[in-house]
Amino acid sequence: MKLKQDTRKSSTNAGAPKGRQRSRRDAREALYWILPAGLVVLFVFGYSIVSLFTQAFRYDGDWIGFENFYIVLTDSLFHTAIAHNTLLLLVVPILVACAFLFAVLLFETRRGMRFYRASVFLPYVLPIPVIAVVFGQIYQLHGALNVFLQSIGLDPIAQDWLGDPKIALGTMSTVIIWKEVGFGVILLLAHIISLPQEVFEAARIDGAGFFRMHWSVTRPQILNTIIFYTVIEAITMVSWVFNYVFVMSNGLGGPGSSTMVSELYIYRAAFQNRAPELAATAAVLLFLATLVLVVAFFRIQRKSISGTFAK
């Protein structure tokens, strides 16, 4: 009996180094396959980032330190652009709430779910310039929306949706919501469908209603996906709204500066004002802001995962 136990221990100890060697060999082989593409990505993005940071500290080829940063950070137009990007971040909770609600409704829909799912996702597939042009026509002073409102007797609600500085940014926000919510719906719906059905059946047996079940049962189980979608949309509001603003405001960020955002500020500094150094400086600041959001996402995700395992 003792001999058998010693034999098992020796075989286990002998198998462990072999398993480690095999895993190391597999990792080495995977590295060989990934290395060429990784070097290309590192060269393209690494060179661009290094060049961007270098240009931000120069003027006409001369090193000037942080002077470009001082100019950009004291520019009132840059302050306006950052303020508008910050306001657009308020759209993120609306997007997340709508995406979660629609995903739950589609999950509970038995008939025609494929049609509804395709209808919700279709706006996300359409190119942003096409959407911006179409909604630019709809939101004009004499556009389709105001014509419709006037035809049903709601003349006081009709506005110059894109021409009024007070509501122009909010008007563009509705276009962004209509475009971006489809991605979140499909993302959350795919995670909800993959959940064990026994959990929902047990919740129904315990008497949980529609809202109680999905708020207390569904939401905690897809929390990581919700956080991922939240960070993706936050990055979008900070650094991916250029196409909407450029097309719908004819590249001006108007009326006035009511729809000026950081990306349009960089574009105007580089190509209209002929100040590539200031554009590079603003781009560095935007890159750092995006990096902060990415790091925050990984930290939040790590905490949520560790909390899940702790439970």
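Since every read-out is calculated from the coordinates, none of them should be taken as a lab result. Owing to the predicted nature of the structure, the values given are computational and were not obtained by experimental measurement. We place every Cβ from the backbone using ideal geometry, glycine too, and count neighbours over all the protein chains shown.
Observations, loosely collected:
- Restriction of the chymotrypsin sites (Phe, Trp or Tyr not before Pro) in the range 34-128 to DSSP coil positions whose beta-carbon has at most 15 other beta-carbons within 10 angstrom yields Phe66.
- Interchain or long-range residues, amide H under 5 Å from Tyr59's placed H: Ile64
- Computed FRET value (nearest 0.05) for Phe148 with Leu291, which takes r as the C-beta separation and R₀ as 45 Å: 0.55
- The chain, helix-only ellipticity at 222 nm - DSSP H runs n ≥ 4, -39,500 (n - 2.57), divided by all residues, nearest 500: -24500 deg cm²/dmol
- Cα principal axis extents for the chain, largest first, Å: 91, 65, 30
- Once backbone amide H atoms are built at 1.01 Å from N, Gln159 has no partners under 5 Å, excluding neighbours fewer than 5 places away on the same chain.
- Under-5 Å amide H pairs with Leu89, H placed in peptide plane, nonlocal only: none
- Note, ³J(HN,Hα) from phi for the range 41-54, Karplus 6.51, -1.76, 1.60, rounded to Hz, x at Gly and Pro: 4, 4, 5, 5, 7, x, 4, 5, 5, 5, 5, 5, 5, 5
- The gain in end-to-end length when the Ala158 to Leu141 segment is fully stretched comes to 5.3 nm, 0.36 nm per residue minus the alpha carbon separation.
- Among the trypsin sites (Lys or Arg not before Pro) found in the range 123-214, those both in a DSSP coil and sparsely packed, with 16 or fewer other Cβ atoms within 10 Å of their Cβ, are Lys166.
- FRET E, pair Phe271, Asp206, Förster distance 45 Å, beta-carbon r, rounded to 0.05: 0.15
- Spacing of the modelled spin labels on Leu52 and Leu105, each 7 Å from Cα toward Cβ, amounts to 3.8 nm.
- Cβ-based net charge around Phe57, under 14 Å, with every Lys or Arg adding one and every Asp or Glu removing one: -3
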